[in-house]
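Below: one structure, written as structure tokens.
The values are calculated or read from the model by the stated rules, or taken from the named source; none is laboratory data. Note that the structure is a prediction, hence the values are computed from the model and not measured. Cβ placement follows ideal geometry from the backbone for every residue including glycine, while neighbour counts extend to all protein chains displayed.
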């Protein structure tokens with residue numbers, strides 16, 4: 001495995017060269033920030049989602065996950081280094097891999113025990129797809145979910161898995177602090193999960209596969225993060241929050257539960 005520091009140097013140098021070439025090609029006009037990493041445009045996102053090599057299964061999931069709005073909220077783009085924690089079968093991992101492109105990198109993490117019991121086959125098959133060549137497979141517990149070379153990350157996302165971290169008994173304080181340390185100043189930590197009623201707190205993580213949004217806000221803030229933004233594209237105000245939202249139990253109702261979307265940011269140094 002190539003370490004993140006030399007790999008990122010090479011990638012940054014390539015981006016610099018590309019940006020300078022663009023300036024020359026355009027006659028030097030306009031203010032181009034050499035080596036700057038910018039989010040996908042809506043046109044680029046549409047092209048990404050329309051790619052012919054995306055699977056029909058993923059296209060079906062798009063209907064409830066709204067990946068165009070998710071990618072816009074994540075503000076990901078070519079050359080970025082990002083992480084998908086609790087990646088499961090890798091749907092979000094592949095979206096990120098397409099978004100950051102060959103000049104970027106995606107750390108896709110799953111807990112070793114969960115991999116062994118449920119996820120190894122779909123996860124392995126996902127990462128074998130050519131589009132995911134820029135993905136680093138990570139098998140680590142949530143107490144310390146990222147390898148040492150995952151440094152100065154632009155974005156970390158955890159999609160419908162924070163409640164599972166509670167369920168399996170991981171140390172969330174350690175996890176959130178580790179994520180904080182891995183992000184660059186100004187980097188984003190985005191948590192998406194199924195809403196429980198406020199009175200349930202963490203009491204519904206096993207029975208309903210849901211967690212109270214307030215718990216996540218408080219625990220992540222404790223690690224030093226600042227809540228920077230929220231999004232409503234996965235909200236469902238009519239959800240009574242009293243049914244099991246796990247994929248197997250929810251069946252056709254999966255994705256119709258109220259889901260909160262939170263963006264936390266690692267503060268920049270004063």
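Whether a residue is farther than 25 Å from residue 233 by Cα, in contact with a strand residue (DSSP E or B) (Cβ under 6 Å, 6 or more places away or on another chain), modelled with pLDDT of 95 or more and surrounded by 24 or more Cβ atoms within 10 Å (Cβ to Cβ) was assessed, and residue 112 does not pass this test.
Here is the figure for the range 238-270: residues that are surrounded by 13 or more Cβ atoms within 10 Å (Cβ to Cβ) and at positive phi total 2. Counting only strands (runs of 3 or more DSSP E) that sit completely within the range 163-270, those holding 1 or more residues that are in the same structural domain as residue 62 (by TED's automatic domain parsing) and free of Cβ contacts under 8 Å to residues at least 40 places away in the same chain correspond to 226-231. Of the residues making up the range 144-158, those that are buried (at least 16 other Cβ atoms within 10 Å of the Cβ), part of a loop (DSSP other than H, G, I, E, B) and touching a helix residue (DSSP H, G or I) at 6+ places or on another chain (Cβ under 7 Å) are 145, 146, 149, 150, 151. Would a scan of the range 164-177 turn up a residue that is within 19 Å of residue 55 (Cα to Cα) and in contact with a helix residue (DSSP H, G or I) (Cβ under 6 Å, 6 or more places away or on another chain)? Within the range 164-177, not a single residue is within 19 Å of residue 55 (Cα to Cα) and in contact with a helix residue (DSSP H, G or I) (Cβ under 6 Å, 6 or more places away or on another chain). Comparison of 210, 235 shows that the only residue that is closer than 22 Å to residue 174 by Cα, under 23 Å from the mean Cα position of the chain (by Cα) and surrounded by 13 or more Cβ atoms within 10 Å (Cβ to Cβ) is 210.
Scanning the range 94-136 for residues that are closer than 19 Å to residue 165 by Cα and in contact with a helix residue (DSSP H, G or I) (Cβ under 7 Å, 6 or more places away or on another chain) returns 108, 110, 115, 123.
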